[in-house]
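To keep things clear, I will list the structure first and then write my remarks on it.
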């Protein structure tokens, strides 16, 4: 069956115009302006608070020189991870998150799929560019106070790099989604990207794709023309993705549309457990049919390799953030605590399974939620072992600095596991409760429900800051002893709250 592209294009335009008109009929302009005002005010507050915590004391000339020479490689490692995320998103049917009616009525119509997906593809690229530019600009604004570089140049180059990397990542995802190469080829490409950045770190060079983008990101300190290669690479990836997206799988698009719709509803209800499960379904993350170990720890032993690698990466981020906070970048202590909490969410699966099956849980001869507390031992030991891996590696490079961080590890790991368990065991928000009819009380409760479990992990990392002025692991140990009672009390109270959970609450 042949179709007239001009007629089809006009029909799609009319359909999109009609849908937009119906949406605008129910939109309150003043409410949207107020939401935009809150978003801008929130972003400004984040930048102001982050910059004030980082401080305005400029680093020395030697440190600034190291940032210029070694910074592109380290920045490139994170940018390479963003490209890998794009490749993996395409392998799972992304990056487009189409609405279910669009998949049913447009993609299954006689209209050429390439034409039908043209507008969503460009919209996705624009959103990626704006989001990447905003992220790069915010990071530049936060660290600008400590680097002796011109602020406009830093923000410009960082924002441009963020936009270009986001466009490249989205374009690669579209290519993979449309061409549908074998998964092995995509995984090899991911390993090559990350391996090239790691090779740059080891060899002291900056020629991997991520490192080249890192050169552009630090152009505010010293301009490097090699970094401009990121511009044609991003344009090529965007055009290639735009041409290839027409080959995307209808089944994958329909599945992704349903999961994204459910994910939005779960986020609205603050149902963290459902959010985690839906994210795993989006990532096609399935448990192993055969456990890694034959006996003991069977639930953790069935975790796939990716879900074991993710806590290792997060613990590496937490260790690096703790070292950076020890050396003067105070806000990164929050990153350290949040990374440990996120890593614990992956290892808390035995407890989460009990929460997911309350009928079976209620049949056990156990008082209230004591069974949940029994599930904290294995994840705690697992997270401790995983955390010691990056701490040991940093110890080989940083010596006493990693020793100081290791003093905080046991209590921080315990707090992260308890916080992750409390997040998992928290029931979805009940909008029919009396507090939901009081907007002021509801807002406070929503924020508190989300914030207090990860805050436990962040508080457990604070002894690192309490003793850094004395510059020694002994000072950290003294601060740990001084704060161990209040932190232990907080962990104990959270544990008591967890032990009092009942199957009926889920």
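The values are calculated or read from the model by the stated rules, or taken from the named source; none is laboratory data. No experiment lies behind these values; they were computed from the predicted model shown. With ideal geometry, Cβ positions are generated from the backbone for all residues, glycine too; neighbour counts draw on all protein chains shown.
Quick check on this structure: which one of 87, 107, 96, 115 is under 30 Å from residue 143 (Cα atoms) and touching a helix residue (DSSP H, G or I) at 6+ places or on another chain (Cβ under 7 Å)?
87
Out of 213, 229, 238, which single residue is modelled with pLDDT of 90 or more, within 18 Å of residue 97 (Cα to Cα) and surrounded by 14 or more Cβ atoms within 10 Å (Cβ to Cβ)?
Going through 213, 229, 238 in turn, just one is modelled with pLDDT of 90 or more, within 18 Å of residue 97 (Cα to Cα) and surrounded by 14 or more Cβ atoms within 10 Å (Cβ to Cβ): 238.
So residue 97 passes all but one of these: (1) in a helix (DSSP H, G or I); (2) in contact (Cβ under 8 Å) with a residue 12 or more places away in the chain. Which condition number does it fail?
(1)
With respect to the numbered conditions (1) more than 16 Å from residue 237 (Cα to Cα); (2) in a helix (DSSP H, G or I), which one is the sole condition not fulfilled by residue 167?
Unmet for residue 167, out of (1) more than 16 Å from residue 237 (Cα to Cα); (2) in a helix (DSSP H, G or I): (1).
Would you confirm, using the coordinates I've provided, whether residue 413 is over 19 Å from residue 465 (Cα atoms), in a helix (DSSP H, G or I) and modelled with pLDDT of 70 or more?
Against the criterion (over 19 Å from residue 465 (Cα atoms), in a helix (DSSP H, G or I) and modelled with pLDDT of 70 or more), residue 413 does not qualify.
Restrict the check to region 126-139 and report whether at least one residue is in the same structural domain as residue 219 (by TED's automatic domain parsing), under 22 Å from residue 95 (Cβ atoms) and more than 19 Å from the chain's Cα centre (by Cα).
yes
Can you go through 73, 104 and tell me which one is within 30 Å of residue 465 (Cα to Cα), out of contact with any strand residue (DSSP E or B) (no Cβ under 7 Å at 6 or more places or on another chain) and part of a helix (DSSP H, G or I)?
Answer to the check: 73.
Confirm whether residue 90 is at pLDDT 80 or above, farther than 25 Å from residue 335 by Cβ and crowded, with 21+ Cβ neighbours inside 10 Å.
Yes, satisfied.
For every residue, the table says whether it meets (1) assigned to a helix (DSSP H, G or I); (2) surrounded by fewer than 19 Cβ atoms within 10 Å (Cβ to Cβ).
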| residue | (1), (2) |
| --- | --- |
| 122 | yes, yes |
| 131 | yes, yes |
| 135 | yes, yes |
| 141 | yes, no |
| 152 | yes, yes |
| 172 | yes, no |
| 176 | yes, no |
| 199 | yes, yes |
| 205 | no, yes |
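If a residue has to be modelled with pLDDT of 90 or more and closer than 20 Å to residue 223 by Cα to count, how many in region 116-167 make the cut?
So the answer is 11.
Just to be sure, is residue 260 outside the structural domain of residue 344 (by TED's automatic domain parsing), modelled with pLDDT of 75 or more and surrounded by 15 or more Cβ atoms within 10 Å (Cβ to Cβ)?
yes
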